[in-house]
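Every number in this text was worked out from the coordinates using simple rules, so none of it is lab data. Given the structure is predicted, the values throughout are model-derived calculations rather than measurements. As a convention, Cβ positions derive from the backbone with ideal geometry for all residues, glycine included, and neighbour counts pool all protein chains shown.
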Amino acid sequence: MKPPRFDYHAPESLDEALDLLADSGPDARILAGGQSLVPALNFRLARPSVLIDINGVAELAGIEDAGERLVIGATTRQRAIETSETVARRVPLLHEATRYVAHLPIRTRGTLGGSVANADPAAEDPAVAAALEATMVCRSRRGERRIAAAGFFIDVLTTALEPDEMLIAVEFPGIPDGAGAAFAEISRRDGDFALAGVAAQIAISNGRVADARIAACGVGPAPLRFRDAEDALLDSACGPEAIEAACDAVAASSDPHDDVHASAAYRRQLAAAMARRALNGARARAGGAA
Amino acid sequence: MTAKRSVTVTVNGETRTGEAEPRMLLSDFLRDTLGLTGTHVGCEHGICGACTVHVDGEAARSCLMLAVQADGAEIETVEGLADGETLHRLQQLFSKHRALQCGFCTPGMLMTALDLVRHRPNLTEAEIRSGMAAVLCRCTGYEGIVHAVAEYASGGER
Ligand SMILES: Cc1cc2nc3c(=O)[nH]c(=O)nc-3n(C[C@H](O)[C@H](O)[C@H](O)COP(=O)(O)OP(=O)(O)OC[C@H]3O[C@@H](n4cnc5c(N)ncnc54)[C@H](O)[C@@H]3O)c2cc1C
Ligand code: FES
Ligand code: FES
C-alpha cells in the first residue's frame, strides 16, 4: 500500500472535528477532497499520524446567499461551484476561474476550502479570494477568527491557519451591479496548474472606473493582488492606455521564479498578457462602459 | 484506528463488501479486494486518469480516494458498461474510430467521457478535447478518441 499508516477519523459534526484536531497534536491533518493530500500520502511526502476526514460534516458544505456576501462552506466541491447558478450570478469571477482548476473528475472531489487552505501559489481559488478580498472564516475549539485574504496567504503552501484551526467557510462579496469580471490563464496543457493566471473585476460608473480588482496566480509565492495596477485604472475611462499601464504594473509587481515549466522572465510577460486578456474581458462585461 | 474496517459498496449494481485498512486506496480495493481489475492504475497521484471510475454518478480518480471513504457509495467501473457480450455504444465507437491501441488508458477514457457527455449538454469539439485531456494516452494521439466521443455525444445518448 502506498500511503503510510495513519489513524483515521470521520467525524459527523464540526465540534467533534475541532475536538479531534485540538487533541491530535500537530501531526494531524484534515482530509477534504484529497486531491492534493492523497497524492502527497501516496508519495509519502506527507506522513500524518492522524487523518481527520471532514467529508461527513454536513454543516461544512453548501452555498449560502447572505445578502451582500456569498458564503461558501469549506467542503463545497469545486464541481458544485462550477455548476452553481448562484455562484455564476453573484461571484462570476470564482465561477469562471473554477473551470481552470485541474480536470472535471478532480473537481468532482476537490473542495474550495482545500484549495484555499493548501495555498498552492499556482492555484486559481486563492487568486480569486485575493482579488475580491474574501474573508476566510477559521474555527478552532478556542473560537472563531475572520481573516481577510491579504493576511491569510503568507507564502508557498503557507497560510495564517494555526495547527488546531480549520477553515470552515469563505465569504465572497457579491459582484456590484454594473461590474464585469473575467479570469484568464495560460498553462502547458488544459487542466495543468497555471503558468500565469489573472483574475480581474472592474466596476464602471458614469464612464469612469469606480473599482478595480486584479490578482494573479503562478507568478509569486502566494496569490498577488496588484494595487498599482488597480490605481492605474481607477477614475480612467478604461481605455487601451489605462489597460496597458495596468498590465505594465502587473509585470513590474510580479514575483515569479524559474522552474522546469517556465523561466521567471517568461512568467512575467505572461502575467502582463493574461492581465490584458482579463481586463479586456472584464471591461467588455461591465455595464456603463464608455 | 489503523485497524481494518468493513467497506460495503454497490459496484455496477451489485453489493460487495470487503475489508480495508484506512490507508487502502479505492483503486486497490476495487482491483485487489474485489477482483475488478478493469480499473487501471498508472501514476497513483491523480495525473494519468487511468483509474477513473464513477462515484455516485460522477467521474473521480479512484487512486485519490480511500476505500473507507467509498463506504455506502455507488461505484461504476468499466466492467459495468457492456451488457454480456454486447459492448456499450461508446465502446463500439472506440472500436470503430480506433480510439485505443494498448488499451491501458481506455477504462479511464470511457468513464471520463461518459461523465462529460452526461453532464455537459451540446459539447463542442473544443470541450471534448479539453475534457479528454483529463486522461493521458500515450498511444493513439487522441484523434480517434475525440471522434468516438463526438459521435457518441451527437447521438443524444446519455
Ligand atoms: C492532476 C491534478 C491537477 C491539479 N491541477 C490544479 C490546478 O490547475 N489548479 C488548482 O488550483 N488545483 C489543482 N489541483 C489541486 C486540486 O484542485 C485540489 O482539489 C485542491 O488543491 C485541494 O483541495 P482538496 O479539497 O482536494 O484538499 P485536500 O487534498 O483534502 O487538502 C489539501 C490540504 O489542505 C488542508 N485542508 C483541507 N481542507 C481544510 C480545511 N477546511 N481547513 C484547514 N485545512 C484544510 C489539508 O489538510 C491538506 O493539507 C490539481 C490536482 C491534481 C491531482
Ligand atoms: S492512477 Fe489514478 S490518476 Fe493515475
Ligand atoms: S491506448 Fe495505449 S495509452 Fe491509450
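Observations on the model:
- Label point 7 Å beyond Cα of B:Thr33 along Cβ direction - residues of the stretch A:1-40 with amide nitrogen under 16 Å: A:1-10
- Listed residues A:Gln78, A:Ala119, A:Tyr100: farthest to the positive end of the dipole of the stretch A:62-173 (Cβ charges): A:Gln78
- Treating r as the C-beta distance of A:Glu133 and A:Glu12 and R0 as 35 Å, the FRET efficiency rounds to 0.60.
- Student exercise, the stretch B:72-158 dipole from Lys, Arg, Asp, Glu Cβ charges, in Debye to nearest 20: 280 debye
- Theoretical FRET efficiency, 1/(1+(r/R0)^6), r = Cβ-Cβ of A:Asp23 and B:Glu74, R0 30 Å, to 0.05: 0.30
- Isotropically averaged projected area of chain B, using the convex hull of Cα atoms (one quarter of hull area), nm²: 8.9 nm²
- Distribution of pairwise C-alpha distances over the stretch B:5-80, 5 Å bins, in %: 3, 19, 33, 29, 13, 2
- Cα principal axis extents for the stretch B:89-155, largest first, Å: 30, 21, 17
- On the beta carbon distance between A:Glu59 and B:Thr2, with R0 = 30 Å, the FRET formula returns roughly 0.60.
- Once divided by 2.2 N^0.38 Å, the Cα radius of gyration of the stretch A:12-59 becomes 1.16.
- Pairs of alpha carbons in the stretch A:27-150 whose separation is greater than 18 Å (percent): 53 percent
- Directionally averaged projected area (convex hull, Cα atoms, the protein assembly as shown), nm²: 21.3 nm²
- Between the C-alpha center of the stretch A:98-131 and that of the stretch A:155-202 there is a gap of 7 Å.
- Within the protein assembly as shown: Cβ-based charge dipole about Cα centre, in debye rounded to nearest 20 (Lys, Arg +1; Asp, Glu -1): 840 debye
- Chain A, relative contact order [Cα under 8 Å, separation at least 6], %: 16 percent
- Pairwise label distance in nanometres, B:Arg129 with B:Ala82, each label 7 Å out on the Cα-Cβ vector: 3.2 nm
- Cα centroid separation, the stretch B:1-23 to the stretch A:1-34 (Å): 19 Å
- Taking 0.36 nm per residue of sequence separation and removing the Cα-Cα distance, the A:Glu144/A:Asp255 pair yields an extension gain of 36.7 nm.
- Contour minus Cα-Cα distance for A:Arg189 and A:Ser205 (0.36 nm per residue): 2.0 nm
- Per-residue shielding of B:108-118, expressed as the average number of other chain Cβ atoms within 10 Å of the residue Cβ, stands at 1.
- Helical mean residue ellipticity (222 nm; -39500 (n - 2.57) per DSSP H run of 4+; nearest 500) of the protein assembly as shown: -9000 deg cm²/dmol
- Normalised contact order of the stretch A:7-53, rounded percent, pairs of Cα under 8 Å and 6 or more residues apart: 58 percent
- Short-range pairs are left out: with C-alpha atoms under 8 Å and at least six residues apart, the relative contact order of chain B is 23 percent.
- Along principal axes, Cα extents of the stretch A:127-277, largest first, whole Å: 51, 44, 26
- Approximating the spin labels as points 7 Å out from Cα along Cα→Cβ, the A:Ala284-to-A:Ile154 distance works out to 4.1 nm.
- Of all complete DSSP H helices in chain A, not one has a Cα span along the helix axis of 24 Å or greater and a mean Kyte-Doolittle hydropathy of 1.6 or more.
- Here each label is just a point 7 Å from Cα along the line to Cβ, and for B:Arg118 and A:Gln269 those points are 4.4 nm apart.
- In degrees, nearest ten, helix B:106-119 long axis to first principal axis of chain B (Cα): 80 degrees
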